[in-house]
Every structure is written in C-alpha cells, then in structure tokens.
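The values are calculated or read from the model by the stated rules, or taken from the named source; none is laboratory data. What you see is a predicted model; the values in this text were computed from it and never measured. For neighbour counting, all protein chains shown are included, and Cβ atoms are generated from backbone atoms with ideal geometry for every residue, glycine included.
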Amino acid sequence: MTDTPFDLTRRTFLDRVLTATAGMGVASAAPWAVSAAEAASAAPATGQRVRLGVIGTGDRGRTLIRNIMKTRNCTVAAICDDYEPHLAKAREIAGATVPAFADHRALLAEKGLDAVVIATPLDLHARHTAASFDAGLHVWCEKAMARTIADCGAMVAKARESRKVLQIGHQRMFHPTYLNALKRVKAGEIGEITQVRASWHRNNSWRRPVPAGVPDRQINWRLYRDRSAGLMTELATHQLQVGNWFLDGVPTKVIGSGSICFWKDGREVYDHVALIYEYSGGRKVIYTSLLNNARYGCEEQIQGSKGTIEPELGRIYQEVPPKQLALQRMHQDVARGSKRTVPIGGATWFPELPVTTPGDSLGWGEYDETLLQFEGFAEAVRAGKPLPGLLTQAYNASVASLLGEQAMDRGEALRWPSDLVSV
C-alpha cells in the first residue's frame, strides 16, 4: 500500500526542521543531537508509541493532551495535577484507564513512561524538569523555560548531565509556513533584513474566576511576579524566538518600557510592554504587547531591503512590485467594463501611506505545528538524542524575554549576558 501525501509530508517533515535549525550561527547543535537519518530510522512501529506522562492539566495542558492523542507515535500514559478540577477534566479527555495523580512525584514513579510533558506554571518548570531527569525520563516543557535566567541555564546543564532530551514548546519551529518563510529569506528573496516588527495584542484582563476557597495565586499565577513575567514569558518568548531565528543571532542589548496602565486590579506584571532589541550591525526587533486593544492581534513583519514577510499571516510582499503599463491597465478596465476617473491635474505631494499591493501566499499545507512538534519529540526520544538547534533557540528566547523584563524594571539598556551556559 502506498503512503498518502499527508503521511509522506509528516514522515519527512523533520528533515525540514533539521535543515532550518542545524548549523545556525547562534550556536552549534548539542554533540548528542539526532541526525535526520537517525530520526527517520527511530520512528516507532505501530503499537510502539512513546509513552508520555503529562504534568499540569490546566487549559494548556489539556490542549496538549488532545494534540498528543492525534499523533502517530505518542500516547498519553499518565496525567497529574494538584488541582482536582483540572485533573478531572483531563481524565475526561485522556480516558478513565489512564493513571491520574495529584503529586508529580507519584507520576514520575509510574513504570513504563518514556518522557514527561510539563505544562505547569512557569516557576515550577525548572523543579519539575530536574525531577523528571532524575527519574530517568526525557522532558518536553512548555515555554518559557523558567522564571529566571539562572534556572534556564540549570535546565540546560541538567539535560546535558543526564544526556536526556529537553525540548521546549516553540511550535513555530515546526510550522510549515514559518519554515517556508525562513527558506525564502535564506534564498535572498527579501534582501538584507534590518528589522523585525512583532506584536501580540489582546483585549482581555487575563484574569480568571477563582472558586471559593482557592488561592488567587493558584488560578491567576500569570499575574504574580514570583510566578511569571506576564506578557514577556507567556507571549513574547514565541516572537523573540522568531526574531532570533530570522536574524540568525541573539540581541546585543535591549531597552524597553513596561507599565500597568489599564488593568489596575492588583496584578503585579505589566499589561503593556514596548521593547527594542538591537542585534549586530544595528538590526532590530521592535516588540509590543498589550491587553486592552486587539486590533492588530498577533503578527510579525520580517522587513528586508527587497520585501517583507509576514509569516503569521502567511504572506510575502515585494518592496517594489512589478509595474503595470497604463495602457495595459486601461485595456483591462475596458475588457471588464469598469470605469475610473482619469486625473488631469492633482496634488504635487502625497503622504507615504502603507503599501497595499497584494502579496503572495507562503502556504505550505495544512498541518498542525503543535502535533508535529510532539511527533518530532517522539523521534528524538526514540533515538535518545535531541533534534539539533531547538534547545538553543528556546534558551536564547527565554533569556531574551527575561532580559527584556529586567531592562523595563531598571529603566536602562541591558547588554546580552556574557556568562550564559553553552547550549
């Protein structure tokens, strides 16, 4: 029986990820990183799926469970959460036969697991990752990596010491459209990139209702400084990873401003941030995020001398679009039966408005990047080696987000740390 195009694409998709991430200037791959050939040969046969224990079954954890259950090479073998309502909802998704635990240590003692998925609050990531490695398990962890730069480094060091896979949830690195965009950037289609403009704008408080008798910090942990950096770690890490990826480097310094200017409800983290990350050669990533206007939503513009790529929207635009002769346009208008005003005289100056020329599609199939990243993780677990480049990207994005928080807190420009661990 022949494979369908969808199966072929998913089976060979890791090759595209490896091509896009390996050998980049930001860092070399870990010495035990899996090769494309090893990843392909390590694909488990039917009935030999990688057995995952999921620690943290809140909204995000349950979304991950649904994705894992759709993969061709993973299965949810255990779940855990210390908040019973979340655990009960996860049972409904994973099935009553899947072991459920209120303590992550009990899950880690469960026999037969290959790896764990960590979707707990940010301040617990480093602790749960270390405990999982000590239990002899590989780790997939939600972004950002940890609450402090030091803990991010400790996670990398622990992965190296244990020689286990540590993969962080930056699913854009498995997104077909983003990979196509990166390929076209490397081919020089938009010229020299000097700026990446990124934003993630929402219009909601981020605050969730708290049941009677439950601490607010347990439900709304994203709003407290010791548990989260708010917009920087929960949203910005995704787009800072994109900036590092497309600029093929890390920032040299960052300056920014953060404030609580709309949701004055006792939260400790900023609800509005604006930062400028500077890279070698004066290149920049300009980033904003806020919680009281969703007009522009989530987007990135990769801006080069010859064009612009908007991977979130799946479009590529030429800086100087092909010109259409006036007589040719008139012929087309007559053929369509359309009429338009022909100016005889007019203004000698026009405002420099945004270019509205239609771009071209970056589309590369309809595949779920969250599902694909778990299939990639399973291949790495089977081979016992991480996919190259992924941890480097995740670590640099987490450091960038936390450094941005520090720059806003201090009100001064901060340089990229010189004492980071080697990834």
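Tabulated results
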{"read-out": "Residue among 172, 184 that is at pLDDT below 95, assigned to a helix (DSSP H, G or I) and under 30 Å from residue 293 (Cα atoms)", "value": "172"}
{"read-out": "Filter pass, residue 79 being in the same structural domain as residue 147 (by TED's automatic domain parsing) and crowded, with 20+ Cβ neighbours inside 10 Å", "value": "yes"}
{"read-out": "Unmet criterion (only one of (1) modelled with pLDDT under 95; (2) in a helix (DSSP H, G or I)) for residue 403", "value": "(1)"}
{"read-out": "Filter pass, residue 150 being closer than 14 Å to residue 421 by Cα, part of a helix (DSSP H, G or I) and in contact (Cβ under 8 Å) with a residue 40 or more places away in the chain", "value": "no"}
{"read-out": "Some residue of region 227-235 being in a loop (DSSP other than H, G, I, E, B) and surrounded by fewer than 19 Cβ atoms within 10 Å (Cβ to Cβ)", "value": "no"}
{"read-out": "Test set (1) on the phi > 0 side of the Ramachandran plot; (2) of a type outside the set (Lys, Arg); (3) in contact with a helix residue (DSSP H, G or I) (Cβ under 8 Å, 6 or more places away or on another chain) - residue 112 fails condition number", "value": "(3)"}
{"read-out": "Hits in region 155-187 (condition: in contact (Cβ under 8 Å) with a residue 24 or more places away in the chain, surrounded by fewer than 18 Cβ atoms within 10 Å (Cβ to Cβ) and of a type in the set (Gly, Ala, Ser))", "value": "157"}
{"read-out": "Residues being crowded, with 22+ Cβ neighbours inside 10 Å, part of a helix (DSSP H, G or I) and touching a His at 6+ places or on another chain (Cβ under 8 Å) - total across region 53-71", "value": "1"}
{"read-out": "Per-region count, region 236-257, residues part of a loop (DSSP other than H, G, I, E, B) and buried (at least 22 other Cβ atoms within 10 Å of the Cβ)", "value": "2"}
{"read-out": "Among the candidates 379, 319, residue that is surrounded by 12 or more Cβ atoms within 10 Å (Cβ to Cβ), within 20 Å of the chain's Cα centre (by Cα) and at pLDDT 85 or above", "value": "379"}
